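Student: Before I ask anything, here is the structure I am working with.
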Amino acid sequence: MARDLDEARRMRYQEVIQSFTLLDDVFMTAVFQDSLPCVDLVLQIILDQPNLRAERVITQDTVKNLRGHDVRLDVHAFADGREFNIEIQRAKSGADPRRARYHSSIMDANALPAGEDYADLPESYVIFITETDVLGKGRPIYVIRRMIEESCEVFHDGSHIIYVNSSISDEATPLGRLMHDFRCTRAEDMYYDVLAERVRYLKETAKGASSMCEAVEAIARDFAK
């Protein structure tokens, strides 16, 4: 009987896994975990920097705050002396502008060792990939930087906040094709091979599917608490 229950649970989890897209937090984490090429692709396209190469990536990275309000970063990457946070947000509330500000501030607070000059603070990017157009201007991407109001010049403090609206998937553009892939459930429907290969591994191979089942089981246990 226990074996039958385990098999039934496994089949149920498999159905859930097949429905996942990169807009699902648990699946996005699995895709980007230990996969620098996938992270590279996303950063290269969103920032329009084809030569960008991440040196290190941490998924679901908890960054501490001494006052207790820690932040868990979906994807925390480092490249060329710069620091990146990629967040997947389905709910509008999860992409509140003040949350973007807070993520940026927490990264800054943990980036500069004691005694270092402020000029050594790394350039930072907080990137929200959202399911809907949370800023409501009908654009596929919003790049936010501080500016000098009187002259409309950029205030070069090295801080960048970017919102990517995945509801616009103009497949004539690299960004549109990427957002199309973020909404795909099947690897065969994706444009970018590096993402398709990773999705295929997690959904269509025994080892990959097993790791995903374990991730879904962990989520089920958390909800049951």
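The values are calculated or read from the model by the stated rules, or taken from the named source; none is laboratory data. As the structure is a prediction and not an experimental result, all values here were calculated from the model. Positions of Cβ are generated from backbone atoms using ideal geometry, with glycine treated the same way; all protein chains shown enter the neighbour counts. In case anyone asks, the SASA skips ligands and DNA or RNA and just uses the protein heavy atoms, side chains included. Shrake-Rupley method; radii C 1.70, N 1.55, O 1.52, S 1.80 Å.
Student: When ligands, DNA and RNA are left out and all protein chains stay put, how many square angstrom of accessible area per residue does the chain have with a 1.4 Å probe?
Tutor: For the chain, the per-residue accessible area is 57 Å².
Student: Computing the accessible area with a 1.4 Å probe over protein heavy atoms, can you report the carbon and sulfur percentage for the chain?
Tutor: 51
Student: Let me have the relative contact order for the stretch 1-97, percent, based on Cα pairs under 8 Å that are six or more residues apart.
Tutor: Relative contact order for the stretch 1-97 comes out at 19 percent.
Student: Distances over 22 Å make up what percent of all Cα-Cα pairs in the stretch 142-225?
Tutor: Counting every Cα pair in the stretch 142-225, those more than 22 Å apart make up 55 percent.
Student: So, one more: What label, among (1) 139; (2) 158; (3) 114, belongs to volume of the Cα convex hull per residue in Å³ computed from the structure on display?
Tutor: (2)
Student: Moving on. Please work out the C-alpha center-to-center distance from the stretch 147-187 to the stretch 65-116 and express it in whole Å.
Tutor: Distance between centres, Cα-based: 17 Å.
Student: Okay, moving on. State, as an integer percentage, the relative contact order of the chain based on alpha-carbon contacts under 8 Å between residues 6 or more apart.
Tutor: 19
Student: Here's another thing I want to ask about it. Can you tell me the orientation of helix 97-109 relative to the chain, as the angle in degrees between its alpha-carbon axis and the longest Cα principal axis, to the nearest 10?
Tutor: Its long axis makes an angle of about 80 degrees.
Student: Using the crude model of +1 on Lys and Arg Cβ and -1 on Asp and Glu Cβ, and no other charge, please compute the dipole size for the stretch 81-225 relative to its Cα centre, in debye to 20.
Tutor: For this selection, approximately 660 debye.
Student: Within 10 Å, count the other beta carbons around each residue, average over each peptide in 38-44, 194-200, 180-186, 94-100, and list them highest first.
Tutor: Descending mean neighbour count gives 38-44, 194-200, 180-186, 94-100.
Student: With +1 assigned to the C-beta of every Lys and Arg and -1 to the C-beta of every Asp and Glu, and no other charges, what is the dipole magnitude of the stretch 27-73 about the Cα centre in debye, to the nearest 20?
Tutor: With Lys and Arg at +1 and Asp and Glu at -1, about 220 debye.
Student: Can you tell me which of 16-28, 136-148 comes out highest on packing, and rank the rest after it, using the mean Cβ neighbours within 10 Å?
Tutor: 16-28, 136-148
Student: Helix 2-19 versus the longest principal axis of the chain: what angle, 0 to 90°, nearest 10, using Cα atoms?
Tutor: 40
Student: Place the peptides 159-169, 115-125 in order of packing, highest mean first, counting for every residue the other Cβ atoms within 10 Å and averaging per peptide.
Tutor: Order by mean packing, descending: 159-169, 115-125.
Student: Considering only protein heavy atoms, with the full assembly of protein chains and a 1.4 angstrom probe, order Glu150, Glu217 by accessible area, largest first.
Tutor: Ranked from most to least accessible, the order is Glu150, Glu217.
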